[in-house]
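Down below is the structure, laid out as structure tokens.
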Amino acid sequence: MRNPCLLISLALISMSTLAFGQDRVIKNAQGQSIAPDLTVYTVMNVNNFVLWQRKDGFSNHTPTGGAGGYYPRSTTTAIYLDNFVWGAKAFIDSGRTIPAAVLAPYLPGVRIGGGTYNHGLRAGALVGRGATASPEPDGPSVRIYRIRRDFIVMDQTEYHREAEDLFQTTSEGVTSEMVMMIREQYQRDWDEWPVEKGAPYIERNGIPGFQRPPLSALSTGPAGLIAGNYDEPGISGIDATSPAEQVIWIVANDYTTSVVQGVYGSYPIGIEVQKTVWTYRNAAALSDIVFCRLRMINKGGAVTTGLNTRGELFLDSMFIALWSDLDIGDSGDDLIGCDVNLDLAFGYNSQRIDAAYDKFQLDPPSIGYVLLQGPRVDSPGDTAQFDFRPFPGAKNLGMTSFSPKCTGSSSGEPDFTAEGGMRMWRWLRGFLPDTYTQPLRLYPHPPGVPESLFPLSGDPVMGTGFVDGLGTNYSLGAGDRRFLLNSGPFRLCPGDTQEVIIATVAGLGSDRLSSVALMKANAGVARGAYRFGLAGIGMPESPSVQVSEFDRRVVLNWGNDQAQVGRLERAVGPYAFEGYRVYQLPDRRSSKAEAALVLDADVKNIYGDNTGIVRSAVFDRDFLMKETYLDRRLKNGQGYYLAVTAYRRSADGSTLPNETESPIVTFTVIPQRSKPGEQIPKHYGDTVSVNHVAGHASARVEVKVVDPLRLVGRDYEIRIAAPDSTDWNFAEGTV
């Protein structure tokens with residue numbers, strides 16, 4: 001390619017019986033281990049991507065050294081490998097006049113970290129500051145962490161899908177042992193989420209610090225965490241009710257000299273890196289987006305004046321880049337480009353048919369990386385973003401250059417030497433990666449197009465501007481491609497933290513160019529979601545439903561939990577509550593795509609059917625029966641599978657998905673005749689008489705029966721607080 005199951009009462013398993021994933025071994029018929037170490041490798045796979053991650057931050061590469069970015073899920077790979085790489089001028093004094101030591105005198109004081117195919121970090125945090133900073137001792141906590149909010153209530157089908165991804169096997173190859181390994185690792189990572197090391201968490205209870213939620217809060221699903229106002233492992237934007245569904249967290253450091261030198265011949269610069277990768281299960285375009293936040297903390301422990309001296313450095317003129325080797329299926333027919341307005345770097349296919357994707361009868365997709373939040377620099381009068389909060393007196397940089405690498409280019413990719421590090425220093429700033437003895441050169445541009453730091457910035461969909469694949473000296477023929485999405489310069493002083501947020505986005509259209517258009521639309525969705533602080537983009541919680549079963553009909557009531565109704569109908573952020581839906585499904589494991597819509601009760605506004613909000617309904621027909629001439633009435637004693645969801649609608653459909661909808665949580669109902677002697681005096685929808693017994697209120701009160709089985713035969717009263725007031729209370733009456 002290139003140069004250097006059995007699922008038994010999961011919620012009831014005792015913690016004392018868990019034998020965590022890394023202690024288990026799964027072997028094939030030849031006795032060879034086929035299980036990845038789940039403390040070293042894991043995948044982000046809750047939506048349409050499957051992206052491999054390693055505990056030291058190396059990403060999109062499998063444990064066996066293969067391409068590790070799959071899209072769409074269960075097909076083939078579109079990313080061979082990606083990584084973060086950075087470079088800076090390093091000084092040992094705050095005045096930035098004394099350069100730190102370097103291995104070779106190509107450019108005094110410049111150091112390169114991170115990596116591309118080689119990786120300059122080791123897993124674990126840096127402990128201490130300055131000259132005493134050192135890596136935390138290796139141990140069970142030095143691992144990759146992955147959580148999923150619904151792991152307690154995940155069904156067997158979803159666990160099997162997870163096993164297919166992690167063990168790179170078919171559905172037939174999944175075993176109960178694989179499923180249990182995944183479940184146990186989710187349990188362990190949830191219980192041991194390392195907030196003390198810097199892993200993010202969601203603050204809800206108002207008590208300073210992280211209080212781990214009880215496992216019982218998850219026993220009925222993720223909604224219990226919000227309903228109970230519990231702190232929660234994971235990440236959200238400004239809206240604590242919209243956490244990510246799946247989160248991976250990694251901490252690594254560049255302390256080890258031999259590891260750092262193996263990348264671009266540099267000494268360590270004393271950085272701890274915290275990487276958070278997260279995503280959402282959601283409708284529309286959010287299924288094609290994965291978010292990543294990289295935090296860089298200048299803790300010290302850097303080599304300063306020589307190999308045997310350690311301390312802290314003042315980093316100036318620093319640049320950071322997302323480096324990617326995209327292989328859209330077959331690696332030999334790709335093209336790349338950038339979109340300055342979107343802060344986007346992307347790849348796409350040069351041919352209508354890609355051999356790898358054609359095996360799945362798919363047209364080739366397009367993959368991109370959009371810089372949502374660049375490094376922070378001082379800027380009086382402006383406001384930057386940091387940790388989803390405003391940071392006055394600063395601004396966030398965007399994409400400051402784009403550096404392509406095309407097969408056949410006269411300027412090769414930097415090799416893993418100190419001289420290669422100097423070439424990488426040029427590449428990080430948008431120049432050709434020539435040897436250090438040559439003058440700086442920009443990439444060749446078409447005749448009549450002014451040179452800039454953004455080659456290949458045309459529009460491939462329209463075929464306009466500076467595009468890739470023309471077969472010229474400035475636009476080489478299709479082939480293997482790599483690139484850097486660069487941002488800088490900025491400073492990183494001792495003790496300071498910088499953070500960068502990038503989204504990986506994809507598009508799969510009806511041909512290679514419509515895939516580019518969809519990918520760019522999804523880049524806009526990611527930018528819109530970030531602009532709103534990721535508020536409301538997670539799925540709403542699933543309504544809690546009470547069921548009463550009658551002769552050939554069933555009453556559903558999802559309005560009984562008033563606290564939940566309030567949370568659902570008072571959504572914050574760019575999404576407003578729109579309504580409820582009732583679905584009938586063929587069986588408990590069916591997806592929404594297989595369901596029949598029974599009811600759509602939406603707000604009366606400019607959207608939808610405007611039927612009005614209801615919080616209860618009667619189910620009395622089989623909506624899955626397509627033939628209208630058949631008797632569609634329900635049969636007593638037969639099980640039917642239903643789900644009730646809540647959904648929100650975006651007022652900004654230009655950049656965000658039109659709606660978000662809660663998960664399908666299937667439950668079974670069985671119509672049945674009344675028990676012998678049982679009297680049901682009222683029916684669903686019957687009105688109850690109301691008498692005005694005191695005062696002068698003119699309010700109109702209408703009472704209807706929702707659930708006949710829960711009538712208790714008591715009197716109730718409504719009291720109006722004061723004249724002209726709309727405040728009232730309802731309680732068991734005394735008159």
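The values are calculated or read from the model by the stated rules, or taken from the named source; none is laboratory data. This structure is a prediction, so every number in the text was calculated from the model and none was measured. Neighbour counts are summed over all protein chains in view; Cβ atoms, including those assigned to glycine, are modelled from backbone coordinates with ideal geometry. Only protein heavy atoms, including side chains, enter the accessible area calculation; ligands, DNA and RNA are left aside. Shrake-Rupley method; radii C 1.70, N 1.55, O 1.52, S 1.80 Å.
Things to note:
- Neighbour net charge for GLN156 - beta-carbon separation under 12 angstrom, K R +1, D E -1: +1
- Range of Cα positions in segment 316-412 per principal axis (Å), largest first: 53, 34, 19
- The aspartates and glutamates whose alpha-carbon is closer than 15 Å to the alpha-carbon of LYS675, local same-chain residues fewer than 8 away aside, are GLU549, ASP551.
- At q = 0.16, 0.24 Å⁻¹, base-10 log of I(q)/I(0) for segment 475-534 (Debye sum, equal scatterers on each alpha carbon): -0.80, -1.11
- Mean residue ellipticity (222 nm) of the chain, computed from DSSP H runs ≥ 4 via -39,500 (n - 2.57), nearest 500: -3500 deg cm²/dmol
- Debye equation applied to the C-alpha atoms of the chain, log10 I(q)/I(0) at 0.10 Å⁻¹: -1.04
- Between the amide H of PHE391 and those of ALA384, GLN385, PHE386, distances stay under 5 Å, these residues lying 5 or more places away or on another chain, with hydrogens modeled in the peptide plane.
- In this Cβ point-charge picture (+1 for Lys and Arg, -1 for Asp and Glu), segment 42-152 has a dipole of about 160 debye about its Cα centre.
- In a reduced charge model with +1 at each Lys and Arg Cβ and -1 at each Asp and Glu Cβ, segment 457-502 shows a dipole moment near 100 debye about its Cα centre.
- Here segment 224-316 has 50 percent of its accessible surface on carbon and sulfur atoms, given a 1.4 Å probe and all protein chains in place.
- Cut-off 18 Å, label 7 Å out along Cα→Cβ of LEU630, residues of segment 578-597 by amide N: 584-588, 594-597
- Net charge contributed by nearby residues that have their C-beta within less than 12 Å of LEU624 (K/R +1, D/E -1): -1
- Extreme residue, positive dipole direction of segment 167-255, given options PRO233, GLY173, LEU218 (C-beta unit charges): LEU218
- Taking only the Cα atoms of segment 186-338, the ratio Rg/Rh comes out at 1.06, with Rh defined as the Kirkwood radius.
- Over 29 Å (Cα to Cα) - which of LYS592/LYS635; LYS89/LYS395; LYS299/LYS520 fall in this group: LYS299/LYS520
- Simple Cβ-charge dipole of the chain, Lys/Arg +1 and Asp/Glu -1, about Cα centre, in debye nearest 20: 420
- Taking the average, over residues, of other Cβ atoms within 10 Å as the packing measure, peptides 271-280, 157-166, 350-359, 709-718 rank 271-280, 157-166, 350-359, 709-718 from highest down.
- For segment 572-637 versus segment 71-93, the gap between their alpha-carbon centres in whole angstrom: 44
- With protein chains left intact and a 1.4 Å probe, residues in segment 93-238 average 39 Å² of accessible area per residue.
- Ranking GLY87, GLY479, ASN60 by how far each Cα lies toward the positive end of the dipole of the chain (charges on Cβ) leaves GLY87 at the top.
- THR660 accessible area, 1.4 Å probe, all protein chains in place, Å² to nearest 10: 0
- Derived scalar couplings ³J(HN,Hα) [segment 109-114; Karplus, 6.51 cos²θ - 1.76 cosθ + 1.60; whole Hz; x for Gly, Pro]: x, 7, 10, 10, x, x
- Gain upon complete extension [SER409, ARG673; 0.36 nm per residue less C-alpha separation]: 87.2 nm
- log10 of Debye I(q)/I(0), alpha-carbon scatterers only, for segment 104-180 at 0.15 Å⁻¹: -0.82
- Calculated FRET efficiency for the pair VAL195/ASN691, C-beta based, R₀ 45 Å, to 0.05: 0.20
- Cβ-Cβ FRET estimate between VAL127 and TYR607, R0 fixed at 45 Å, reported to 0.05: 0.25
- Taking 0.36 nm per residue of sequence separation and removing the Cα-Cα distance, the THR175/GLN562 pair yields an extension gain of 135.1 nm.
- The heavy atoms of ARG212 offer some 110 square angstrom of accessible surface to a 1.4 angstrom probe.
- Between segment 451-473 and segment 480-529, the alpha-carbon center distance in angstrom: 18
- Per-selection Kirkwood Rh - segment 366-515 (Cα, Å, 1 d.p.): 17.5
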